[in-house]
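Visitor: My questions will all concern the structure given below.
Each reported figure results from applying straightforward, stated rules to the coordinates on display, with no laboratory input. The shown structure was predicted, so the numbers you read here are calculated from the model rather than taken from an experiment. With ideal geometry, Cβ positions are generated from the backbone for all residues, glycine too; neighbour counts draw on all protein chains shown.
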Amino acid sequence: MSGDATPKFLWLDGELVKWEDATIHISELGWSTVGGVFEGIKAYWSEKDGELYVFRLKEHLERLHRSMRLTRLPIHNSVDELTDAVTGLLRACESREDTYIFPMAFQKNSFTDRWNMLEQESRLMIHARPVPSHLFSGHTLHAGISSWRRISEDVMPPRIKNLSNYRNGQLARMGALESGYDTAIILNQQGKVSEAPGACIVMIRDGKLITPDLTQSVLESITRDAILTLAREDLGMDIEERVVDRTELYLADEAFICGTHAEITPVVSVDRFTLGDGGVGPVTRQLETALDNAFRNGTPSRAEWRTAVGVPATVGSTA
Ligand code: PMP
């Protein structure tokens with residue numbers, strides 16, 4: 001299936017439903033998504049294995065459950081059931097390329113009971129579309145510090161994927177684009193570095209990986225965790241998870257944003273301070289290779305992070 005083609009199926013409330021039959025009444029728009037939480041998950045095609053692997057599916061589904069618990073959305077499906085839902089959907093859609101998977105849980109009857117999700121039913125939809133990896137593409141970002149501050153624990157829970165949180169990153173990103181940058185770096189309420197819109201930020205100074213710790217109003221990012229684990233355990237790098245000042249970023253040798261969609265995207269300047277020599281740095285390149293190996297069963301393998309989908313072989317294939 002190519003990028004603009006419509007998938008054949010999506011998964012809705014326990015069943016595979018034809019794409020064109022998965023409708024919702026227009027009156028449910030709006031408040032249903034205020035009460036919505038979601039996940040962004042990626043599956044990667046391994047040419048070597050002729051197999052599609054979902055990256056850290058269990059961790060993503062566990063985070064979906066945490067998002068539902070914190071927003072008091074009733075949970076109707078176990079992690080095992082949702083694992084089968086995702087892999088079954090990818091098989092039904094015959095996905096044989098890098099694919100972005102989007103599960104979203106939202107309140108049923110939001111029009112009548114918008115202030116109360118207690119004792120309500122929730123609905124869960126999953127759809128999947130091809131999105132190629134851009135690791136190694138050489139695509140780089142110029143970032144600017146945003147004047148919008150990151151939402152904080154006393155406003156909405158930053159550590160989960162609550163849909164309503166996303167206006168914050170959207171405003172910051174649009175402000176950055178208007179100012180001639182490619183993306184924003186958002187500070188938290190204490191004026192310390194938090195995140196980029198939809199991605200975490202990691203910098204490298206004197207060979208050390210430094211990133212804001214999980215109490216700095218950041219999402220509990222699965223890619224961030226994967227990169228720190230690969231760096232520490234496979235590449236023997238020093239890691240610091242701590243409070244980060246904005247001027248440390250200005251002086252970094254390298255920096256990148258990371259996330260399921262962002263993967264690793266190098267940042268080459270912040271507020272027009274050029275980082276390193278202004279290109280993709282050597283540590284960033286090393287981490288890109290390590291992450292790609294983890295995605296596609298390269299070396300080292302990190303088998304525990306991949307769920308094989310078991311996509312059917314194409315007609316005429318001997319695989
Ligand atoms: N922060 C925010 C606000 C995000 O939406 C994302 C993307 N999910 C990330 C960070 C990166 O998280 P992950 O690595 O789990 O995709």
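Visitor: For q = 0.16 Å⁻¹, what log10 I(q)/I(0) does region 250-294 give under the Debye formula with an equal point scatterer on each alpha carbon and no solvent?
Guide: -0.41
Visitor: Right, another one. Neighbour counts of other C-beta atoms within 10 Å: give me 11, 115, 305 arranged from fewest to most.
Guide: Lowest to highest Cβ neighbour count: 115, 305, 11.
Visitor: Under a no-solvent Debye model with one identical scatterer per Cα of region 195-319, what's log10 I(q)/I(0) at q = 0.10, 0.20, 0.21 Å⁻¹?
Guide: The computed values of log10 I(q)/I(0) come out as -0.35, -1.13, -1.24.
Visitor: Quick one: plug the Kirkwood hydrodynamic radius of region 24-100 (C-alpha pairs) into Stokes-Einstein at 37 °C, 0.692 mPa s, and report D in µm²/s.
Guide: Here the translational diffusion coefficient equals 232 µm²/s.
Visitor: So what's the net charge close to residue 111: Lys and Arg +1, Asp and Glu -1, counting the other residues with Cβ under 14 Å from its Cβ?
Guide: Its environment carries a net charge of 0.
Visitor: Across the chain, how many lysine pairs, 8 or more apart or on two chains, come within less than 21 Å at their alpha-carbon atoms?
Guide: 8
Visitor: Could you work out the local net charge near residue 31, counting Lys and Arg as +1, Asp and Glu as -1, over the other residues with Cβ closer than 14 Å to its Cβ?
Guide: Net local charge, residue 31 excluded: +1.
Visitor: Taking K and R as +1 and D and E as -1, what net charge do the other residues with C-beta under 14 Å from the C-beta of residue 228 add up to?
Guide: -3
Visitor: Another question about this same structure. Mind jotting down a quarter of the surface of the convex hull over the alpha carbons of region 56-111, in square nanometres, one decimal?
Guide: Mean shadow area of the hull around the Cα atoms is 4.7 nm².
Visitor: Determine the gain in length on full extension of the stretch residue 245-residue 152; use 0.36 nm per residue of separation and subtract their C-alpha separation, reporting nm with one decimal.
Guide: So the chain would gain 31.7 nm between residue 245 and residue 152.
Visitor: With the Cα gyration tensor of region 151-260 in hand, convert its eigenvalues to equivalent ellipsoid semi-axes via √(5λ) and list them largest first in whole Å.
Guide: 23, 16, 13
Visitor: Over the Cα atoms of region 55-196, what Rg and Dmax result, in angstrom?
Guide: According to the Cα coordinates of region 55-196, Rg and Dmax are 17.9, 49 Å.
Visitor: Going by C-beta contacts inside 10 Å, put 110, 27 in order with the fewest on the left.
Guide: 27, 110
Visitor: If you wrap a convex hull around the Cα atoms of the chain, how much volume per residue is inside, in Å³?
Guide: Each residue corresponds to 138 Å³ of Cα convex hull volume.
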